[in-house]
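The values are calculated or read from the model by the stated rules, or taken from the named source; none is laboratory data. All of these numbers come straight from a predicted model, not from anything done at the bench. Note that we place each Cβ from the backbone using ideal geometry, even for glycine, and neighbour counts take in every protein chain shown.
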Amino acid sequence: MTTRAAFTKQLHAFLVEKGYTHMYSIGIRPKPGELEENEDYILLPLKPGDPRLTYEETDRIINEINDHEVMDMAGGDEFIRFYVEMPMEEYDNYYLKNR
């Protein structure tokens, strides 16, 4: 089971601490009934050995977790909300550590 959490600098640091090395960009997913300017951009954190790291033919982007583009996403944007889709157990650990 997974959940989505707003991508922040705190979450970025937590993911690095947990051994995640890359972010797989799923892309923009508008919420039903919302205008285009309020979009959610979904990222999946990946650990070494994840088979998605070897995808050769994909229109999705995979960046190293400390790449400047990923760090910019953690800083937020006026019109796009960045979310990380992560296992519920990892989110629970993050929430308990950062509440």
Original post:
With (1) in a helix (DSSP H, G or I); (2) modelled with pLDDT of 90 or more as the list, and residue 52 as the residue in question, which single condition is left unmet?
Top reply: (2)
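Search the stretch 47-75 for residues being polar (S, T, N, Q) and under 13 Å from the mean Cα position of the chain (by Cα), and hand back the single one that is farthest from residue 17 (Cα to Cα).
In this case the residue turns out to be 63.
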Original post:
Of everything in the stretch 55-68 that's surrounded by fewer than 16 Cβ atoms within 10 Å (Cβ to Cβ) and modelled with pLDDT of 90 or more, which residue is farthest from residue 8 (Cα to Cα)?
Top reply: 64
**OP:** Kindly check whether there is at least one residue in the stretch 74-93 that is modelled with pLDDT of 90 or more and in a loop (DSSP other than H, G, I, E, B).
**Re:** no
